[in-house]
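The values are calculated or read from the model by the stated rules, or taken from the named source; none is laboratory data. The structure presented is a predicted model; accordingly, all values stated were derived computationally and were not measured. Don't worry about glycine lacking a Cβ; one is built from the backbone with ideal geometry, like all the others, and counts go over all protein chains shown. The area values use the complete protein model at the heavy-atom level, side chains included, leaving out ligands, DNA and RNA. Shrake-Rupley method; radii C 1.70, N 1.55, O 1.52, S 1.80 Å.
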Amino acid sequence: KEQLLSPKTVLSKWIGALSPSQLNQLQHLSLNFQDCEVWNDDLSEWLKQMPHLQTLCITHTDPQCIYPLYIPPLAELKQLYIHSPIAADRLEIPVLPSLTRLSVNVLYPETTSPWLPNLAKMTSLESLTRYSLTLPEMIEMSRYLPPQIGEISLFALRLEGTEENQDDFWRNMMQFTQITKFNIHGLDTPAFFLEWVKSSPISSIRLEVPDE
């Protein structure tokens, strides 16, 4: 399309039609921007006006998006889904104490994401799904997962050019004794982890090794 819609205008039409009282009461929000130029700072300001959100889904496809995406500290948010063509280290995800499910489908980070330490303080988080990870990102993330995590799904791993020991990731994962579902694509699984699985509570496991 020759002209892209500005979501600042779109948001004014969609969300601006709601009164402050309605925004305050809003519990579930799904935003899907197709062929739109997304202004993430404007979106973040709108989200701050929705303190009682429980479900938030953000999807946009603008390949020119370069602005960080900041999720406000929504205390009641239980489910967060992000699908965006920005790098993972351009996300800002705060501690979300009520969050149970987190899905992040973005681009590969250039450095490890600064929000990963916040995962350790998400005391309700049960399920984590991520796409487009480097090995350093995976290892760093595994250091900060909360102890009650029950489901892990990792897709689109990029391992070339890394010298880090993949075993560090697997040994870190063995610390989480409440994992029941484990789904990972593209990483060799060491024998010691498979042996640990035998005595773990994992009831669903899918491990796909990379092609030779």
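Antiparallel beta bridges, as assigned by DSSP with both residues in the chain, represent about 0 percent of the total such bridges.
For the range 20-32, backbone phi angles converted through the Karplus equation (6.51, -1.76, 1.60; θ = phi - 60°) give residue-by-residue couplings of x, 5, 5, 4, 5, 8, 4, 10, 9, 9, 10, 10, 10 Hz, Gly and Pro being listed as x.
Accessible area per residue for the range 73-206, computed on protein heavy atoms with a 1.4 Å probe, is 45 Å². How much of the pair distance distribution for the range 63-106 lies past 12 Å, counting alpha-carbon pairs only, in percent? Within the range 63-106, distances greater than 12 Å cover 60 percent of Cα pairs. Legend: residue pairs 48/181; 121/198; 78/121; 48/78, Cα-Cα distance threshold 22 Å; pairs beyond threshold, 48/181; 121/198. What are the DSSP H helices in the chain that stretch 18 Å or more along their long axis, judged by alpha-carbon atoms, and whose average Kyte-Doolittle hydropathy comes to at least 1.6? Qualifying helices, which must be both long enough and hydrophobic enough, do not occur. Taking a Cβ cut-off of under 12 Å around residue 201, the surrounding Lys, Arg, Asp and Glu residues balance to a net charge of +1, with basic ones at +1 and acidic ones at -1. Across the protein chains, with a 1.4 Å probe defining accessible surface, the residues 206, 158 rank 206, 158 from largest area downward. Projecting the Cα atoms of 185, 124, 203 onto the charge dipole of the range 108-212 (Cβ charges, centred on the Cα centre) puts 124 farthest toward the positive pole. Labels on offer are (1) 18.5, 58; (2) 20.1, 72; (3) 35.5, 134, and the one holding Rg and Dmax of the Cα atoms in Å computed from this structure is (1). Near residue 52, within a Cβ-to-Cβ distance under 14 Å, what is the net charge of the other residues, with Lys and Arg +1 and Asp and Glu -1? Taking every other residue near residue 52 into account, the sum is +1. The residues neighbouring residue 81, those whose beta-carbon lies less than 13 Å from its own, together hold a net charge of +3 under the Lys/Arg +1, Asp/Glu -1 convention.
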